[in-house]
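Notes to accompany the following structure.
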Amino acid sequence: MIDHVHDLNAVREATDRLLSAVGTLDNAAVAGPSRLPGWSRGHVLAHLARNADALVNVLEGRPMYISAEARDADIERDAARPAAAHLADLRESAARFRRAADAPADWGRTVALRNGVTDLAARIPFRRLIEVELHHVDLGIGYEPADLPAEFTAREIAFLADRFSGHPDVPALRLEAADGGAWRTGRTEGEPLAVTGTSAALMCWLAGRRDDTTPAPEAGGAPLPVLPPL
């Protein structure tokens, strides 16, 4: 059962951690490379702010973005701003998201996201939590996958496993976390290949990210499957 109130509190806590960390960055650090190929830290921060506004649109019944091109242009426009401007934008956009989420609403309704994706309104806070937590790691400023709350990591594995479930380009897989938890994903036919590792490593692999702080997942001596982009 989705508890949007719980998730909104988690978003607030994660946002506070992010704001505290970003508040220590100077202009040179913001202009430096993030862990995402081709993106500076400024690109990541601009995306986070615009994502908050996009989810306000979703909650209020508007298209998430005007277009994919407009989304990308907004990120490019804002990426090169000084650190103080990024910090203010992150704080203000987070407050707008919180106000929209605090408004009386039918949390059981279906809402439209990007690329024809729909979801329950109640899951929007968790989707925002994913953005804040993973992109905090993507900044490469000392917040590592192992620092993520254990509850978040387990839920994100389950969320991503569900997204890949039945995908024709993903073999049948059984994900086994050394620190607890097991999930099935990929094609439904065939004997599943066991992929093992820490929860943090499994999550990073599913999310298309590299985790340099823990060993990569293993597939019992077989090559680790290459997952399609999300």
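Just a few scattered comments:
- Probe 1.4 Å, protein heavy atoms only - accessible area per residue of the chain in square angstrom: 49 Å²
- Between the Cα long axis of helix 83-102 and the first principal axis of the chain there is an angle of about 80°, rounded to the nearest 10.
- Net charge of Cβ neighbours under 10 Å - reference Pro171; Lys, Arg +1; Asp, Glu -1: -2
- Residues with amide H under 5 Å from that of Ala178, placed H, sequence gap 5 or more: Gly197, Thr198, Ser199
- Whole-Hz couplings from phi, Karplus 6.51/-1.76/1.60, listed for segment 119-125; x for Gly and Pro: 7, 6, 4, 5, 8, 4, x
- Near the amide H of Asp119, within less than 5 Å, lie the amide hydrogens of Val111, Leu113, all on another chain or at least 5 residues away, with H placed in the peptide plane.
- Gap separating the Cα centres of segment 167-229 and segment 93-123, nearest whole Å: 30 Å
- Degrees separating the helix 68-79 axis from the principal Cα axis of the chain, which is the longest one: 60 degrees
- Arg174-Asp72 pseudo-label distance in nm [points 7 Å out on the Cα-to-Cβ vector]: 4.2 nm
The values are calculated or read from the model by the stated rules, or taken from the named source; none is laboratory data. Bear in mind that the values here come from a model prediction, so they are computed numbers and not experimental data. Glycine also receives a Cβ, built like all others from the backbone with ideal geometry; neighbour counts cover every protein chain displayed. Surface accessibility is based on the protein's heavy atoms, side chains included, excluding ligands, DNA and RNA. Shrake-Rupley method; radii C 1.70, N 1.55, O 1.52, S 1.80 Å.
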